[in-house]
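S.K.: Below is the structure I would like to discuss, written out as structure tokens.
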Amino acid sequence: MSRRYAVTVRGTVQGVGFRPFVYRLARRHRLAGFVRNSTGPVEIEVEGEPGSLRGFLEALRREAPPLARIEEVEVLALAPRGERDFVIVASQARPGDFQSVSPDAATCEDCRRELFDPADRRYRYPFINCTNCGPRFTVIESLPYDRPRTTMRRFVMCQACRREYEDPADRRFHAQPNACWDCGPRLALWGEDGPLATDRPLEEAVEALRRGLVVAVKGLGGYQLACDARNEAAVRRLRRRKHRPGKPLAVMLTDPERYCRVSAGEREVLRGPAHPIVLLDYRGGLAPSIAPGLRRLGVMLPYTPLHHLLLDGFAGPLVMTSGNLSEEPICRTEEEAWERLRGIADRFLVHDRPIAARYDDSVVQVAAGAVRVVRRARGLAPEPLPLPAGPPVVATGAHLKAAFTVGRDGRAFVGPHVGDLDHLLTVQAFEEQLERYRRLFSVEPERVACDLHPDYASTRIAERLGEPVRVQHHHAHLAGVLAEHGLEPPVVGAALDGVGLGPDGTVWGGEVLLLEGASYRRLAHLEPVPLPGGDRCAREGWRMAAAYGLDRPPPGVDGVRFELVRRLAAGGRVPWTSSMGRFFDAVASLLGVCQVSSYEGEAAALLEAASDPGVDEVIEVELEENRRLFAELVRRHRRGEPASRLAAVFHNSVARAVVAACRRAGVRRVVLSGGCFQNRRLLESCWAGLRAAGLEPYANERVPANDGGLSLGQAWVAMRCG
Ligand code: ZN
Ligand code: ZN
Ligand code: FE
């Protein structure tokens, strides 16, 4: 007795080889029917013996392909039709529906093997891929995911590729970017004056790298700048040309263990489908100016066939950093790269597969027992995150590390890191991506959320979309953790951060809040201090030392300027702040660790790196006794105690104060967020302290604790309002 079921599968099931998998599974269980993609879920109808149907449904989840993420399977009984065959039918677009497609995935083991197999027809082909790996959102122009709606549409598959593409038993069945030497994209090499006549672009790029030159490489989601990571002169040249004096540079290599200590958890995420940059404990061996003053290094494995070939040819670690100027968006087209990277790169290794959207490399770290995203982009965005059910929503984030969220039907799609919104180019890239995400996921917002700050470009973008819910910055940081972990208020939270506007007009950033419903109560915070020079204080940390009452200039700071700033602070006619980030800046200045930051958060990163991991001494202070803690550090510093010890004591004491303030709220669940929690030492000390106090800590994992994760929290609050 035959039965027929309609099976609807939701989740990330497009672009991951799900249809061929269903096809093979149905055949194996001798079932008839069909499978098809739509702009919504994957739709299956299967007909056959009840036992076979059961077997099919069980295997559907258990044996799903590696990149698939099944969220929901719905089964409905239908009348049997007496069909005999199982087929894959054409995609169906349903207006208004949406679908999660897998993010871009690193070259799989099978493809890597073929890439280096002289007998394979794709031997050394720089664009090899299959349904288990390769580009996705960097080539998708619209959904559903099919070749004509990707930037691969300009390449007509040769017979051999077409055969693979149409054979359900093949690993490349419906692999949309499928290509080979005969029919697919090709590399080319450009020099300072334009295209070079060469039939060995890859080999010549490798030779340029060997000679210490800077090569711009057209990667997956944009251009990268590469140079020899062991050649100090090359690294310095890249830094000078890119106007990036101090910010650490990421390195791409095949043997991370040679230069870094790698834990099991770190190894797993290094090799996972996203292949992000992972912050690892650095042991040395590379050019000194790769990550000056830091103990950790951003490392990634090659994740495209082109990277594999480059590293195979170069046989050593390469600096691989975003192809942009400081915090501008990463270059996407040849024209952009040519215009903006000429003068930085000596050679351009380019190809003719267009990049549909910018995706910078993602950055993660393993801290307090979990993988935590620091920058969310390539390979991670736009993997859906949970959101309370409600109307379609757009949230626009803040100002730094801009990333938006579009949400609908209980899912949030957090857009990729774009950069800081004080560059016109970044604002344009942000709007371009937001437009794209709204189109891809059919989001016509009925709710809009933004920051409380009236002057952010993100606030103005939100105002053009509707009447926004204005969410206090640190409330949004903490709400993001609720969204990620599906937590319900009441929850107590510590938001330790740079700056965000408070409803009282002062600048907040060292806050303990009790989250209740869609709102919050401010339980504790740092005692506000003056911000002498406003926004300049974030860069010139010594200003904060003056604000905290240091009475003589730290080494390297001009005495006259210091005195002026000191008087400005004492006058009090400047903005005031309870920012924890600015407290870190003040201490970094006092201890002579950093006076002027060349990138956001540098002082705090250097202070963490300077702190002695073996020191567990604590000064008992309350959160609002920041001035007393600073004064104590000044006293001990003058007594000649080493900076490494005092930096450690500072971290420990802040963590202790935070734990005590959270504990007083009398709520078991504690959420931690804000940019300061990128500091692994601070996060892990708070974590351990909260656990020891019998509390249950939660922190960001899939979105950054910094402002890159803010829009998710704003969306969460917007869903709870009204
Ligand atoms: Zn593959
Ligand atoms: Zn081909
Ligand atoms: Fe923030």
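S.K.: Sort out which residues of region 143-171 are within 12 Å of ligand 2 (Cβ to nearest atom) and more than 29 Å from the chain's Cα centre (by Cα), and write them in order of number.
M.R.: Correct list: Phe155, Val156, Met157, Cys158, Gln159, Ala160, Cys161, Arg162, Arg163, Glu164, Tyr165.
S.K.: Tell me the residue from Gly134, Gly48 that is open to solvent by less than 50 Å² (accessible area, probe 1.4 Å) and within 16 Å of ligand 2 (Cβ to nearest atom), please.
M.R.: Among Gly134, Gly48, only Gly134 is open to solvent by less than 50 Å² (accessible area, probe 1.4 Å) and within 16 Å of ligand 2 (Cβ to nearest atom).
S.K.: Take the residues of region 350-374 that are in contact with a Leu (Cβ under 6 Å, 6 or more places away or on another chain) and aliphatic (A, V, I, L, M): which is most open to solvent (accessible area, probe 1.4 Å)?
M.R.: In this case the residue turns out to be Ala368.
S.K.: Kindly list, by first and then second residue, each pair from a residue in region 612-626 that is closer than 15 Å to Val659 by Cβ to a residue that is part of a loop (DSSP other than H, G, I, E, B) and open to solvent by 50 Å² or more (accessible area, probe 1.4 Å), limited to pairs with Cβ atoms under 6 Å and residues at least 6 apart or on different chains.
M.R.: Glu624/Glu527
S.K.: Test each condition in (1) open to solvent by 30 Å² or more (accessible area, probe 1.4 Å); (2) away from ligand 2 (no atom under 16 Å from the Cβ); (3) assigned to a loop (DSSP other than H, G, I, E, B) for Arg124 and report the one that comes out false.
M.R.: Every listed condition holds for Arg124 apart from (2).
S.K.: May I ask you to verify whether Leu531 is more than 28 Å from the chain's Cα centre (by Cα), within 16 Å of ligand 3 (Cβ to nearest atom) and either open to solvent by less than 40 Å² (accessible area, probe 1.4 Å) or assigned by TED's automatic domain parsing to the domain that holds Val481 (or both)?
M.R.: Yes.
S.K.: Among the residues of region 433-452, which ones are surrounded by fewer than 17 Cβ atoms within 10 Å (Cβ to Cβ) and either in contact with a helix residue (DSSP H, G or I) (Cβ under 8 Å, 6 or more places away or on another chain) or modelled with pLDDT of 95 or more (or both)?
M.R.: Glu435, Glu444, Glu446
S.K.: If you don't mind, there's one more thing I want to ask. What do you reckon, is Ile128 away from ligand 1 (no atom under 16 Å from the Cβ), under 27 Å from the mean Cα position of the chain (by Cα), outside the structural domain of Leu311 (by TED's automatic domain parsing) and among the aliphatic types (A, V, I, L, M)?
M.R.: Considered against the rule, which asks whether it is away from ligand 1 (no atom under 16 Å from the Cβ), under 27 Å from the mean Cα position of the chain (by Cα), outside the structural domain of Leu311 (by TED's automatic domain parsing) and among the aliphatic types (A, V, I, L, M), Ile128 comes out as no.
S.K.: Sticking with this one: If you go through region 389-410 one residue at a time, do you hit one that is at pLDDT 95 or above, touching a helix residue (DSSP H, G or I) at 6+ places or on another chain (Cβ under 9 Å) and closer than 29 Å to Asp281 by Cβ?
M.R.: So far as region 389-410 goes, yes, one or more of its residues are at pLDDT 95 or above, touching a helix residue (DSSP H, G or I) at 6+ places or on another chain (Cβ under 9 Å) and closer than 29 Å to Asp281 by Cβ.
S.K.: Taking region 183-201 as the region of interest, how many residues are closer than 24 Å to Phe314 by Cβ and surrounded by 13 or more Cβ atoms within 10 Å (Cβ to Cβ)?
M.R.: 12
S.K.: Strands (runs of 3 or more DSSP E) wholly in region 346-404 with at least 1 residues that are within 20 Å of Leu425 (Cβ to Cβ) and basic (Lys, Arg) - which ones?
M.R.: Strands (runs of 3 or more DSSP E) meeting the threshold: 370-375.
S.K.: Just to be sure I understand, how many residues within region 405-448 are outside any helix (DSSP H, G or I), closer than 27 Å to Glu327 by Cα and of a type in the set (A, V, I, L, M, F, W, C)?
M.R.: 7
S.K.: Could you check Ala538 against (1) of a type in the set (A, V, I, L, M); (2) away from ligand 3 (no atom under 14 Å from the Cβ); (3) not in a strand (DSSP E or B) and say which number it fails?
M.R.: Of everything listed in (1) of a type in the set (A, V, I, L, M); (2) away from ligand 3 (no atom under 14 Å from the Cβ); (3) not in a strand (DSSP E or B), Ala538 misses just condition (2).
S.K.: Next question, about the same structure. Go through region 51-74 and count every residue that is closer than 30 Å to Asp409 by Cα and exposed (fewer than 13 other Cβ atoms within 10 Å of the Cβ).
M.R.: The total comes to 7.
S.K.: Now for a separate question. Does Glu109 satisfy the criteria of being within 16 Å of ligand 1 (Cβ to nearest atom), within 19 Å of Phe173 (Cβ to Cβ) and among the acidic types (Asp, Glu)?
M.R.: Yes, satisfied.
S.K.: Okay, next question. Give me the residue from region 331-355 that is at pLDDT below 95 and within 22 Å of the chain's Cα centre (by Cα) and, out of that set, nearest to Gly212 (Cα to Cα).
M.R.: Cys331
S.K.: Could you pull out the residue among Lys218, Lys242 that is touching a His at 6+ places or on another chain (Cβ under 9 Å), touching a residue at least 24 places away in the same chain (Cβ under 8 Å) and charged (D, E, K, R)?
M.R.: Lys218
S.K.: State whether the residues of region 485-493 include one that is under 24 Å from Arg656 (Cβ atoms) and surrounded by fewer than 20 Cβ atoms within 10 Å (Cβ to Cβ).
M.R.: yes
S.K.: Another one. For a quick check of your reading of the model, give me the residue pairs whose first member lies in region 408-420 and is open to solvent by 20 Å² or more (accessible area, probe 1.4 Å), whose second is of a type in the set (Gly, Ala, Ser), with beta-carbon atoms closer than 6 Å and at least 6 apart or on different chains.
M.R.: As it stands, the answer is Gly410/Ala389; His417/Ala377; His417/Ala403; His417/Gly708, since those pairs meet every condition given.
S.K.: Inside region 155-182, can you point out the residues that are open to solvent by less than 40 Å² (accessible area, probe 1.4 Å), more than 16 Å from ligand 1 (Cβ to nearest atom) and part of a loop (DSSP other than H, G, I, E, B)?
M.R.: Residues satisfying the conditions are Phe155, Met157, Cys158, Pro168.
S.K.: Still on this model: Which one of these does Arg94 not meet: (1) outside any loop (DSSP other than H, G, I, E, B); (2) open to solvent by 60 Å² or more (accessible area, probe 1.4 Å); (3) away from ligand 1 (no atom under 16 Å from the Cβ)?
M.R.: Exception for Arg94: condition (1).
S.K.: Any residue that is open to solvent by less than 40 Å² (accessible area, probe 1.4 Å), closer than 16 Å to Ser2 by Cβ and assigned to a strand (DSSP E or B) - is there at least one of those in region 77-90?
M.R.: Within region 77-90, one or more residues are open to solvent by less than 40 Å² (accessible area, probe 1.4 Å), closer than 16 Å to Ser2 by Cβ and assigned to a strand (DSSP E or B).
S.K.: Look at region 252-300 and say how many of its residues are of a type in the set (A, V, I, L, M, F, W, C) and out of contact with any strand residue (DSSP E or B) (no Cβ under 7 Å at 6 or more places or on another chain).
M.R.: Of the residues in that region, 4 qualify.
S.K.: Going by the structure shown, is Ser598 open to solvent by 20 Å² or more (accessible area, probe 1.4 Å) and farther than 23 Å from Arg645 by Cα?
M.R.: Against the criterion (open to solvent by 20 Å² or more (accessible area, probe 1.4 Å) and farther than 23 Å from Arg645 by Cα), Ser598 qualifies.
S.K.: When you scan region 556-563, do you find a residue that is assigned by TED's automatic domain parsing to the domain that holds Gly581, assigned to a loop (DSSP other than H, G, I, E, B) and modelled with pLDDT under 95, even just one?
M.R.: yes
S.K.: Every residue in region 620-647 that is in contact with a Lys or Arg (Cβ under 8 Å, 6 or more places away or on another chain) and open to solvent by less than 30 Å² (accessible area, probe 1.4 Å), please.
M.R.: Val621, Leu646, listed by residue number.
S.K.: Looking at Glu625, is it outside any helix (DSSP H, G or I) and within 30 Å of Cys594 (Cα to Cα)?
M.R.: No, not satisfied.
S.K.: Taking the condition open to solvent by 10 Å² or more (accessible area, probe 1.4 Å) and modelled with pLDDT of 95 or more, does Glu207 pass?
M.R.: Judged against the criteria, Glu207 is a match.
The values are calculated or read from the model by the stated rules, or taken from the named source; none is laboratory data. In this text, all values refer to a predicted model and were calculated from it rather than measured experimentally. Because the Cβ atoms are built from the backbone with ideal geometry, glycine has one as well, and the counts that use them run over all protein chains shown. Remember, those area values only see protein heavy atoms, side chains included, never the ligands or the DNA or RNA. Shrake-Rupley method; radii C 1.70, N 1.55, O 1.52, S 1.80 Å.
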